[in-house]
1. How high is the relative contact order of the chain? Use alpha-carbon pairs under 8 Å, at least six apart in sequence, and give a whole percent.
2. Based on the Cβ-Cβ distance of K7 and E141, what FRET efficiency does E = 1/(1 + (r/R0)^6) give at R0 = 22 Å, to the nearest 0.05?
3. At a 10 Å Cβ-Cβ cut-off, how would you order L143, L110, fewest neighbours first?
4. Quick one: how many lysine pairs in the range 13-140 have C-alpha atoms under 17 angstrom apart, if they're 8 or more apart or on different chains?
5. Kindly provide log₁₀ I(q)/I(0) values, in the same order as q = 0.09, 0.12, 0.16, 0.18 Å⁻¹, from the Debye equation applied to equal alpha-carbon scatterers of the chain.
6. Within the range 1-40, list the GluC sites (Glu not before Pro) lying in a DSSP loop whose Cβ has at most 12 other Cβ atoms in a 10 Å radius.
7. If I model the range 77-148 as equal point scatterers sitting on the Cα atoms and use the Debye formula, what is log10 I(q)/I(0) at q = 0.11, 0.13, 0.27 Å⁻¹?
8. Expressed as cubic angstrom per residue, what is the convex hull volume of the alpha carbon set of the range 1-74?
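Every read-out reported here was derived from the displayed coordinates using simple, explicitly stated rules and does not represent laboratory data. Keep in mind that this is a model prediction, so the values were computed, not measured. Positions of Cβ are backbone-derived with ideal geometry, glycine not excepted, and every protein chain shown enters the neighbour counts.
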Amino acid sequence: MRQLNFKQYSFRFKNRENKPLIFDVVRKKFIVLTPEEWVRQNTIQYLVKELHIPLSLINVEKQIKLHGTTKRYDIVTFNPDGSIYLVVECKADTIKISQDAFDQIARYNLILQSTFLMVTNGIDHYYCKMDLKNQRYSFLETLPEYQK
């Protein structure tokens with residue numbers, strides 16, 4: 001897999017039926033290693049090791065209902081009270097981040113009501129702080145370190 005714009009992290013790999021797998025520390029199982037999964041796993045390590053978000057407060061690839069349809073988010077992190085701290089949308093490193101990715105995460109956030117949003121393809125990272133009351137957001141240089 002291609003080197004991404006994250007620090008280098010350690011991962012566990014294995015092969016099954018000629019398919020490369022990577023161990024997901026959140027789901028606690030091996031997952032088929034696709035380009036998007038590579039970005040997702042690096043992002044999880046970034047959240048845990050750089051922002052100090054506890055693994056127990058991270059959820060990966062869960063379904064939500066949005067306007068009568070079922071959608072699946074990539075990564076959500078929670079505050080200790082159960083409210084949502086961060087929603088992350090991951091794209092493969094070959095996918096250019098477009099307005100569509102921001103529209104997608106904004107639609108998810110109508111339901112999730114997160115404080116922060118992150119869109120990444122592993123190369124380019126975009127961060128937003130939400131103003132839910134006024135339905136606005138502002139871009140950030142980086143995400144703040146997690147406060148317990």
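1. 18
2. Efficiency, from the Cβ-Cβ distance: 0.80.
3. If I rank by nearby Cβ atoms, fewest first, I get L110, L143.
4. For the range 13-140, qualifying lysine pairs total 8.
5. Evaluating at q = 0.09, 0.12, 0.16, 0.18 Å⁻¹ gives log10 I(q)/I(0) of -0.27, -0.48, -0.87, -1.11.
6. E17
7. Result of the Debye calculation: -0.26, -0.36, -1.36.
8. Roughly 118 Å³ of hull volume per residue.
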